[in-house]
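Visitor: Submitted below is the structure of interest, expressed as structure tokens.
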Amino acid sequence: MSRAPWASDPAHSRGRRFGEPPAPTRSAFQRDRDRIVHSTAFRRLVYKTQVFLNHEGDLFRTRLTHSLEVAQLGRSIARSLRLDEDLVEAIALAHDLGHTPFGHAGQDVLHDCMARHGGFEHNLQSLRVVDCLEHRYADFDGLNLCFETREGVLKRCSRAQARHIDSLEPGGVGRRFLDRTQPGLEAQLCNLADEIAYNAHDIDDGVRSGLLTFDQLRQVPLFARFHDAALREHPVLAHGGRRLLYESIRRMLSQQVYDVIGATAAAIEAAAPADAAEARRAGPLVRFSPAMRAASTELKRFLFRSLYRHPQVMETTSRARRVVRELFDAYVASPNEMPADFAGSPLRHRAVCDYIAGMTDRFAIREHERLTGQRMF
Ligand code: MG
């Protein structure tokens, strides 16, 4: 199917920071996707926490499987809307590269540790990974990705940070936060695919872990609707078991995908952008219908209250926070405990922060044990 006029076009990319000849057989966005898949940071996602720590069970989502699910949902929607699937896939696979070990607990602690040294934020760190921290190419640091991929990776950014980025890269990926315009439609789509993915898989992981029950979930209207539909069609599922959960989630996912396609196609038609640049100026176009928006937000709030703030999750979280805090202090006091690239940096706190942010859960736990003699998990 041909690319829509409002889709990002790899042949008209705003380009890479360091000029490179085009690849003979791949589009610029395909090449970005391939570079991301081959990066070290991408491989580490397999041992990074989404909600449940990696060692808590083999079947829980990790950052890697989460990113693959975002890419799958994103591509599926992109094909219907005739957006660039390769760009969607590249952004989806890179969107969580900057996440610390131990999920949000790790990020919060690093932000505290860096309070007087420029702070820490995982979206900015994802950009930092693809721009600076991967060392694979002779001619430049980072992966030298296209502008359109980088703007998608920088999903959120404060105005102060945006001004800083814009001073280093005038008119670059920080600009839209100052001008209050949107990123390309592919980037907008990845944000929504992210939300659809984690809402659905956190229900699954929540039930699998025993922290969420069907009775609780049936109080969430979005889930209840599909749960009841699955039971009506297949009364045999009333005997319980995981099939009822999967049948409910599957229906919920499909309905959300169809909803985004319908609402977004209508928004694009109303705005009638002539090209990708006009689509950026037209406000957020990739969206849920108002009813699905409300239902998804309600589900998100439920997961926040019942799962992310569950005492058992909070308990592992507090141990994880201690690991990150004590690692930070140990490396700041003895930078030579880090590999030479990091130990030799003149910006000691930033180097410590980058080193810890790149760690997998299990490596952080091992390093913490090596440096403090304590076993936290
Ligand atoms: Mg994500």
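The values are calculated or read from the model by the stated rules, or taken from the named source; none is laboratory data. Keep in mind it's a predicted model, so treat the numbers as computed, not measured. Using ideal geometry, Cβ is built from the backbone for each residue, glycine included, and neighbour counts are taken over all protein chains shown. Heavy atoms of the whole protein, side chains included, go into the accessibility calculation; ligands, DNA and RNA do not. Shrake-Rupley method; radii C 1.70, N 1.55, O 1.52, S 1.80 Å.
Visitor: Could you please tell me which pairs satisfy a Cβ distance under 6 Å, a separation of 6+ or placement on different chains, a first residue in segment 85-99 that is open to solvent by 10 Å² or more (accessible area, probe 1.4 Å), and a second residue that is within 11 Å of the ligand (Cβ to nearest atom) and outside any helix (DSSP H, G or I)?
Guide: Going by the 6 Å Cβ cut-off, there are no qualifying pairs.
Visitor: Separate question: Quick one: in segment 143-168, of everything that is part of a loop (DSSP other than H, G, I, E, B) and free of Cβ contacts under 8 Å to residues at least 60 places away in the same chain, which residue is farthest from Ser27 (Cα to Cα)? Break it down stepwise before answering.
Guide: The first filter runs over segment 143-168 and keeps only residues part of a loop (DSSP other than H, G, I, E, B), leaving 143-145, 154-158.
Subset that is free of Cβ contacts under 8 Å to residues at least 60 places away in the same chain: 154, 156-158.
Working: Leu154: 22, Arg156: 27, Cys157: 28, Ser158: 32 Å.
Among those that are part of a loop (DSSP other than H, G, I, E, B) and free of Cβ contacts under 8 Å to residues at least 60 places away in the same chain, it is Ser158.
Visitor: Within segment 329-344, can you find the residues that are part of a helix (DSSP H, G or I) and either modelled with pLDDT under 95 or out of contact with any Leu (no Cβ under 7 Å at 6 or more places or on another chain) (or both)?
Guide: Keep residues of segment 329-344 that are part of a helix (DSSP H, G or I), which gives 329-333, 335-337, 340-343.
Hits for segment 329-344 are Asp329, Tyr331, Val332, Ala333, Pro335, Asn336, Ala340, Asp341, Phe342, Ala343.
Visitor: Kindly indicate whether Glu69 is modelled with pLDDT of 95 or more, buried (at least 24 other Cβ atoms within 10 Å of the Cβ), within 17 Å of the chain's Cα centre (by Cα) and not in a strand (DSSP E or B).
Guide: On the way: modelled with pLDDT of 95 or more: yes; buried (at least 24 other Cβ atoms within 10 Å of the Cβ): no; within 17 Å of the chain's Cα centre (by Cα): yes; not in a strand (DSSP E or B): yes.
Against the criterion (modelled with pLDDT of 95 or more, buried (at least 24 other Cβ atoms within 10 Å of the Cβ), within 17 Å of the chain's Cα centre (by Cα) and not in a strand (DSSP E or B)), Glu69 does not qualify.
Visitor: If you go through segment 308-317, how many residues are touching a residue at least 40 places away in the same chain (Cβ under 8 Å), open to solvent by less than 80 Å² (accessible area, probe 1.4 Å) and assigned to a helix (DSSP H, G or I)?
Guide: So the first thing to find is which residues in segment 308-317 are touching a residue at least 40 places away in the same chain (Cβ under 8 Å), and the list is 308, 310, 312-313, 316-317.
Next, from what is left, pick out any that are open to solvent by less than 80 Å² (accessible area, probe 1.4 Å): 308, 310, 313, 316-317.
So of that shortlist, the ones also assigned to a helix (DSSP H, G or I) come out as 308, 313, 316-317.
Qualifying residue count, segment 308-317: 4.
Visitor: A further question follows. From the list Arg63, Arg43, which residue is surrounded by 21 or more Cβ atoms within 10 Å (Cβ to Cβ), of a type outside the set (Ser, Thr, Tyr) and either more than 15 Å from the ligand (Cβ to nearest atom) or under 18 Å from His104 (Cα atoms) (or both)? Talk me through it step by step, then tell me what you get.
Guide: Details: Arg43 fails: surrounded by 21 or more Cβ atoms within 10 Å (Cβ to Cβ).
After applying the criteria, what remains is Arg63.
Visitor: For segment 256-307, which residues satisfy the criterion of being outside any helix (DSSP H, G or I), of a type outside the set (A, V, I, L, M, F, W, C) and either surrounded by 14 or more Cβ atoms within 10 Å (Cβ to Cβ) or in contact with a Gly (Cβ under 6 Å, 6 or more places away or on another chain) (or both)?
Guide: Listed by number, the residues that qualify are Pro273, Asp275, Arg287, Ser289.
Visitor: Among Phe42, Phe60, which is the only one that is part of a loop (DSSP other than H, G, I, E, B) and more than 18 Å from Gln188 (Cβ to Cβ)?
Guide: From the options Phe42, Phe60, the qualifying one is Phe60.
Visitor: Every residue in segment 330-377 that is among the charged types (D, E, K, R), in contact (Cβ under 8 Å) with a residue 12 or more places away in the chain and either surrounded by fewer than 19 Cβ atoms within 10 Å (Cβ to Cβ) or in contact with a strand residue (DSSP E or B) (Cβ under 8 Å, 6 or more places away or on another chain) (or both), please. Let's see the steps before the verdict.
Guide: So in segment 330-377, the residues among the charged types (D, E, K, R) come out as 337, 341, 348, 350, 354, 361-362, 366-367, 369-370, 375.
Still in the running and in contact (Cβ under 8 Å) with a residue 12 or more places away in the chain: 337, 341, 348, 350, 354, 361-362, 367.
Correct list: Glu337, Asp341, Arg348, Arg350, Asp361, Arg362.
Visitor: If you don't mind, there's one more thing I want to ask. Could you grab me the full set of residues in segment 217-252 that are open to solvent by 50 Å² or more (accessible area, probe 1.4 Å) and within 18 Å of Phe302 (Cβ to Cβ)?
Guide: Arg218, Gln219, Pro221, Arg225, Asp228
Visitor: From the list Arg176, Arg136, which residue is open to solvent by less than 50 Å² (accessible area, probe 1.4 Å) and either over 14 Å from Arg35 (Cβ atoms) or in a loop (DSSP other than H, G, I, E, B) (or both)?
Guide: Arg176
Visitor: Output the number of residues of segment 179-213 satisfying the condition of being closer than 20 Å to Val70 by Cα, of a type outside the set (Gly, Ala, Ser) and either crowded, with 20+ Cβ neighbours inside 10 Å or within 13 Å of the ligand (Cβ to nearest atom) (or both).
Guide: So the answer is 17.
Visitor: I've got another one for you. In segment 100-138, which residues are touching a residue at least 40 places away in the same chain (Cβ under 8 Å) and among the aromatic types (Phe, Trp, Tyr)?
Guide: Phe102, Phe120
Visitor: Restricting the first residue to segment 216-245 and requiring it to be at positive phi, which pairs with a second residue that is assigned to a helix (DSSP H, G or I) meet a Cβ separation below 9 Å and a spacing of at least six or different chains?
Guide: Gly240/Phe214
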